[in-house]
Amino acid sequence: MRARLRDLGIIIGDYPTGPHNAITDVPGVLVGHSTLIYDKPRIARTGVTIILPRGDAIWNDYAFAGYHAFNGNGEMTGLPWLAESGMLGSAIGLTNTFQVGVVRDALVSYVVEQNYKEGFWLPVVAETFDGWLNDINGFHVTKERVYKALANATEGPVGEGSVGGGSGMICHDFKGGIGTSSRIVESEQHKYTIGVLVQSNYGDRHLLRVDGVPVGRILGHDHTPIPPWPEPLQSSSIIVIIATDAPLLPVQCKRLAQRATVGLSRVGGVGHNGSGDIFLAFATGNHLPAKMGLVRDLKMIPHNHLNPFFEAVAEGVEEAILNSLTAAETMVGYQGRVVYELPLDDLQKIVTDHRNVTRRFIQKQSS
């Protein structure tokens, strides 16, 4: 991993981050990767990322959740029951387009092998297409690789860029992949954490913006070559997972998921026709045991107190996407194809120069 956006002195938004500026700042949330990068017997640039919303307790202690499909040219399993019940009762897997079924079945096998007595398991697994850099027809992800990602799942710092499910992904015509960020929100003297993790694999170069600066137009093809995409690959996709420890109800989780669109648009995502832009938010502030009585007391934050959460989601998604870009390194993959990294020195200079110009303009106007 090269650097994170804040290592470059570029701060997104106003809300403070958690200690690791990662989705794992939400108490109980764990993330694990299994990364597959090798050249024989076939070219692999792929993997799987696992998010455990309450650690292993999620299989028996569900979390309220909601989702939003900004553009639906993609896959995320388990959504019909999640939409019906408003509950998430599984780990979340991220991988490539051809391996969703393998990851989903492996998660079912895992929970059966744990011999849990209660629960109804329809795992949530989402995908983006890595077939430009990865020999996707090689079906590299196996049950054992999913188990490895589960075993690797920890709290604390999260690997970003070309790791796990993001290994072969591309964002705004630069190397992309996994990115994460977090925000702290205060509501009625309570502090809550919003965490975001993305698998970025979308976007055209000219649309890329960093804190409002049109970086993609400045770093055009003459500066950093753009991959010669065939038409179907020009749009691709992004998956966004949002976590919070706030006591939110399913409809409120859905409202958070919708706000991921704001963060995506700030970076330059517009929801192209071929893009699978699917966002899921879950909240662990209520406990929902698989075996519960007839009546359950729940907590919630009133809707009219949600604006700071919406703003925090937008900031977190924006920064998580940019972290996926700054962390990823240039990669050579299938058939010798090359996708270049976002040049950090140039990025830092462009944003700094823009801020200096803006500062001088404001000073001139106020004098």
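Just a yes or no: is a residue in region 209-217 under 23 Å from residue 28 (Cα atoms) and surrounded by 24 or more Cβ atoms within 10 Å (Cβ to Cβ)?
No: region 209-217 contains no residue that is under 23 Å from residue 28 (Cα atoms) and surrounded by 24 or more Cβ atoms within 10 Å (Cβ to Cβ).
Starting from region 354-366, take each residue that is in contact (Cβ under 8 Å) with a residue 12 or more places away in the chain and under 13 Å from residue 211 (Cβ atoms) and list its partners that are surrounded by 10 or more Cβ atoms within 10 Å (Cβ to Cβ) and of a type in the set (A, V, I, L, M), counting only C-beta distances under 7 angstrom and pairs at least six apart or across chains.
That search, which allows pairs on different chains as well, returns 354/213.
Please work out which residue is surrounded by the most Cβ atoms within 10 Å (Cβ to Cβ), limiting yourself to region 165-189 and to residues that are touching a residue at least 40 places away in the same chain (Cβ under 8 Å) and more than 25 Å from residue 345 (Cα to Cα).
Within region 165-189, the subset touching a residue at least 40 places away in the same chain (Cβ under 8 Å) is 165-188.
Narrowing the set further to residues that are more than 25 Å from residue 345 (Cα to Cα) leaves 165, 183-188.
Working: 165: 32, 183: 28, 184: 16, 185: 23, 186: 11, 187: 15, 188: 7.
Across region 165-189, the extreme among qualifying residues is 165.
Let me spell it out: the conditions are (1) over 21 Å from residue 22 (Cα atoms); (2) buried (at least 24 other Cβ atoms within 10 Å of the Cβ), and residue 239 meets all of them except one. Which number is the exception?
All conditions pass for residue 239, except number (1).
Suppose we filter 247, 227 for residues that are in contact with a strand residue (DSSP E or B) (Cβ under 9 Å, 6 or more places away or on another chain), more than 23 Å from residue 168 (Cα to Cα) and in a loop (DSSP other than H, G, I, E, B); which single one remains? Working first, answer last.
On the way: 227 fails: more than 23 Å from residue 168 (Cα to Cα).
So the residue among 247, 227 that is in contact with a strand residue (DSSP E or B) (Cβ under 9 Å, 6 or more places away or on another chain), more than 23 Å from residue 168 (Cα to Cα) and in a loop (DSSP other than H, G, I, E, B) is 247.
Report, by residue number, each residue of region 317-367 that is surrounded by 10 or more Cβ atoms within 10 Å (Cβ to Cβ), of a type in the set (Asp, Glu) and modelled with pLDDT of 95 or more.
Residues satisfying the conditions are 318, 319, 329, 341, 346.
Please name all residue pairs, on different chains or six or more residues apart, with Cβ atoms under 8 Å, provided the first residue is in region 240-253 and is over 22 Å from residue 180 (Cβ atoms) and the second residue is small (Gly, Ala, Ser) and part of a loop (DSSP other than H, G, I, E, B).
So the pair list comes out as 249/86; 250/86; 251/86.
Being touching a Lys or Arg at 6+ places or on another chain (Cβ under 7 Å) and part of a strand (DSSP E or B) narrows it down to one of 52, 36, so name that one.
Testing whether each residue is touching a Lys or Arg at 6+ places or on another chain (Cβ under 7 Å) and part of a strand (DSSP E or B) leaves just 36.
Can you name the residue in region 325-350 that is in contact with an Asp or Glu (Cβ under 6 Å, 6 or more places away or on another chain) and not in a loop (DSSP other than H, G, I, E, B) and, of all such residues, is farthest from residue 209 (Cα to Cα)?
It comes out as 334.
The values are calculated or read from the model by the stated rules, or taken from the named source; none is laboratory data. Here the structure is a predicted model, which means the values were calculated and not measured. Note that each Cβ is placed from the backbone with ideal geometry, even for glycine, and that neighbours are counted across all protein chains shown.
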